[in-house]
Amino acid sequence: MDFSAQSNISFIKQKIDDLERMTDQDNPYTRIVFSEKFYEARSWLKNEYQKLGLKASTDEAGNLIGILNSKTDTDKIVIIGSHIDTVPSGGRFDGIAGVVAALCVVKYINENNINLPFNLAIYDYLGEELNDWSISCIGTRGLIGALNEDILSRSNSSGNILKDEIDKIGGNSKSLTKPFSMIKNIVACLELHIEQGKVLEQKKIDIGVVRSIPSISRFSVEVNGQAGHSGTILMDQRADALVTSSEIITFVNKLALRLSKESNQHFVSTIGKINVHPNAAAIIPGKVEMTIDLRASSKSSREQYINELEKQIDAMNQSGSCKIEMRNIAFAPYVEMDKELVKLFKISSDECGFSNIIMDSGAGHDTAHLSRVAPASMIFVPCKDGLSHCPEEYAEISDISKGTAVLFKMVEKLASSSQN
Ligand SMILES: [Zn+2]
């Protein structure tokens, strides 16, 4: 059987083109969870499921599922999932490539009349991207029972409550505080995703088999100084919150650079969000709020980072004119992918004749949540210049098609091992 057939490549291209059109027209490519465009894409996907003969449904967590039932009577299930929501002005491939690849795998199974010894389900996980309710991966958190009342009751900036949105899209927010009972039937959760980094492209490698997904920590930092007239307060009389913040930004960058070299594992930290008050040209900044994002595959490096940063802030509080406060506002632990599935993905890629490496993910993914309750693993395909979460995001259809071939091979391997 030949997966590289032109019909698969054109199928993948066509579906990505279809989804690309479902965007806020003024702001390509924007398809935020629960928005009108998101609903439009969901009904498109439901129709795609039905065209492939899949049974479409929405589960309690709002995930849109298409199931290909095995002809053998079984509860066992293999999931191939990703997401079709985007960040504002995001890309056409992040998440989308994975859902389209899953559709292509099912198309191929249909065309070749393959009967699997398990049910195969495509999942569009609800709201993977970080949203206005300050939560990512709604659908997979729901599946594993990690959405508590506090999260479900959050309102977004328009005053919409998260649980109402989940219910409106077909979920049932009341049943989301415990793991779903179907979890025990999961044989494997698989995902194809663009790498969102430069490793595969630079090394000219077809497939990245993901071995781990880093811990993600976020800290809020508030720096309080004293606002004042920029013309009259002399330089040695100031408590400039922005100047103090700039020292923290530089410190964080240098610290992360050093620890990333020392730990030899994935380690990155970013301050990408900053609010300056009152943010006016002739006023000394009186207050700054920043968010630190930290992603680490090594627990000890993460601890060392927090330790050194806290020490630095203590020292600055002792000697400086501003008051600095740091708070941990979010944490998702480091997870390893299922070792057996990692091995099988590698073998599948080898057998397809594609170059591959085993690597750590830099980004968080739905599969990280699922791996806490079921065997899970994912593969990456290259993307151009490592760009993602921006309109320039791009992946070659031929590269996605290679990844799709590996996904299919993986399903085939799981089928033969569960028949033995
Ligand atoms: Zn994604």
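The values are calculated or read from the model by the stated rules, or taken from the named source; none is laboratory data. Note that the structure is predicted; figures quoted are calculated from it, not measured. Because the Cβ atoms are built from the backbone with ideal geometry, glycine has one as well, and the counts that use them run over all protein chains shown. Just so you know, the surface numbers come from the protein's heavy atoms only, side chains and all, with ligands and any DNA or RNA stripped out. Shrake-Rupley method; radii C 1.70, N 1.55, O 1.52, S 1.80 Å.
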| Among residues of the stretch 131-155, those that are of a type in the set (A, V, I, L, M) and either modelled with pLDDT under 90 or open to solvent by 10 Å² or more (accessible area, probe 1.4 Å) (or both), counted | 4
| If you scan the stretch 73-90, which residues turn out to be within 30 Å of P28 (Cα to Cα), open to solvent by 10 Å² or more (accessible area, probe 1.4 Å) and assigned to a strand (DSSP E or B)? | none
| said: When you scan the stretch 314-333, do you find a residue that is within 16 Å of the ligand (Cβ to nearest atom) and either touching a His at 6+ places or on another chain (Cβ under 7 Å) or hydrophobic (A, V, I, L, M, F, W, C) (or both), even just one? | reply: yes
| message | Six or more apart or on different chains, Cβ atoms under 9 Å: show the pairs whose first residue is in the stretch 119-130 and within 11 Å of the ligand (Cβ to nearest atom) and whose second is modelled with pLDDT of 95 or more and hydroxyl-bearing (S, T, Y). | response | Y125/S82; Y125/T140; E128/S82; E128/T140; E129/T86
| request: Six or more apart or on different chains, Cβ under 6 Å: which pairs go from a residue in the stretch 382-393 that's under 21 Å from R31 (Cβ atoms) and open to solvent by 70 Å² or more (accessible area, probe 1.4 Å) to one that's within 13 Å of the ligand (Cβ to nearest atom) and hydrophobic (A, V, I, L, M, F, W, C)? Could you list them? | output: H389/V87
| task | Determine whether N47 is away from the ligand (no atom under 16 Å from the Cβ), surrounded by fewer than 18 Cβ atoms within 10 Å (Cβ to Cβ) and not in a loop (DSSP other than H, G, I, E, B). | result | yes
| task | Kindly provide the set of residues from the stretch 369-414 that are in a loop (DSSP other than H, G, I, E, B) and not hydrophobic (A, V, I, L, M, F, W, C), ordered by number. | result | S371, R372, P375, P382, S388, H389, P391, E392, E393, Y394, E396
| Among the residues of the stretch 92-109, is there at least one that is more than 16 Å from the ligand (Cβ to nearest atom), open to solvent by 40 Å² or more (accessible area, probe 1.4 Å), of a type outside the set (S, T, Y) and more than 26 Å from the chain's Cα centre (by Cα)? | no
| request: Select from the stretch 209-237 the residues that are within 16 Å of the ligand (Cβ to nearest atom) and out of contact with any Gly (no Cβ under 9 Å at 6 or more places or on another chain) and list them in ascending order. | output: V210
| request: Mind listing just one residue for me: the one in the stretch 367-394 that is within 12 Å of the ligand (Cβ to nearest atom) and of a type in the set (G, A, S) and, of those, farthest from R92 (Cα to Cα)? | output: A368
| A227: open to solvent by 30 Å² or more (accessible area, probe 1.4 Å) and farther than 29 Å from E393 by Cβ, yes or no? | yes
| field | Entirely in the stretch 96-168, the helices (runs of 4 or more DSSP H) that have 1 or more residues that are touching a Lys or Arg at 6+ places or on another chain (Cβ under 6 Å) and within 30 Å of T72 (Cα to Cα) | value | 96-111
| query | Quick check, is K273 open to solvent by 70 Å² or more (accessible area, probe 1.4 Å) and closer than 30 Å to G197 by Cα? | reply | yes
| remark: Those residues of the stretch 259-283 which are part of a loop (DSSP other than H, G, I, E, B) and among the polar types (S, T, N, Q) amount to N264, Q265, N279
| When both residues are 6+ apart or on different chains and their Cβ atoms are under 6 Å apart, which pairs have a first residue that lies in the stretch 178-202 and is farther than 19 Å from S212 by Cα and at pLDDT 95 or above, and a second that is within 16 Å of the ligand (Cβ to nearest atom) and not aromatic (F, W, Y)? | E201/P382
| request: Determine if the stretch 53-72 includes at least one residue that is among the charged types (D, E, K, R), without any contact (Cβ under 8 Å) to a residue 12 or more places away in the chain and open to solvent by 70 Å² or more (accessible area, probe 1.4 Å). | output: no
| request: Output the residue which, of all residues in the stretch 302-336 that are among the acidic types (D, E) and part of a helix (DSSP H, G or I), is surrounded by the most Cβ atoms within 10 Å (Cβ to Cβ). | output: E308
